[in-house]
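Worksheet for the structure shown next.
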Amino acid sequence: MSQDAAFPAATYAETVLAINFADTQRYFLDALLDIHYAHTLMLARQGIISHDVARRCLEGLDALDRAEPSSARFEEVTRDLNAGSRYLSNRSGGSMMCMSQSTNR
């Protein structure tokens, strides 16, 4: 693969990544969101984020329409790991950004 070629290649995106994305939506979305709840609580209890930030994160999680992420198309979310966080943050009015920001300390 040349350095100019975009990753992922269209065939790989269609035959591997899109399928994995759909499986994650179908089988793991609730568990992944539960991990966000647990992670938020842990960060607050360890003093890594304030209780106010934790409260806003939890409110953002509570406000999510879980049907919306489960119906998102792979192309809409894009293909990088941070895209999921940005997608959720956009859907929760920005209150989910604390999840990704807390890991950048």
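Please treat every number below as a calculation from the coordinates, not as lab data. These numbers were taken from a predicted model, which means no experiment stands behind them. Heads up, the Cβs are rebuilt from the backbone with ideal geometry, glycines too, and the neighbour counts pull from every protein chain shown.
Between LEU64 and TYR12, the C-beta separation translates, for a Förster distance of 22 Å, into a calculated FRET efficiency of about 0.15.
Among 38-51, 9-22, how do they line up by average Cβ neighbours within 10 Å per residue, starting with the highest?
38-51, 9-22
Measuring r between the beta carbons of LEU29 and GLU75 and using R0 = 22 Å, the FRET efficiency lands at 0.80.
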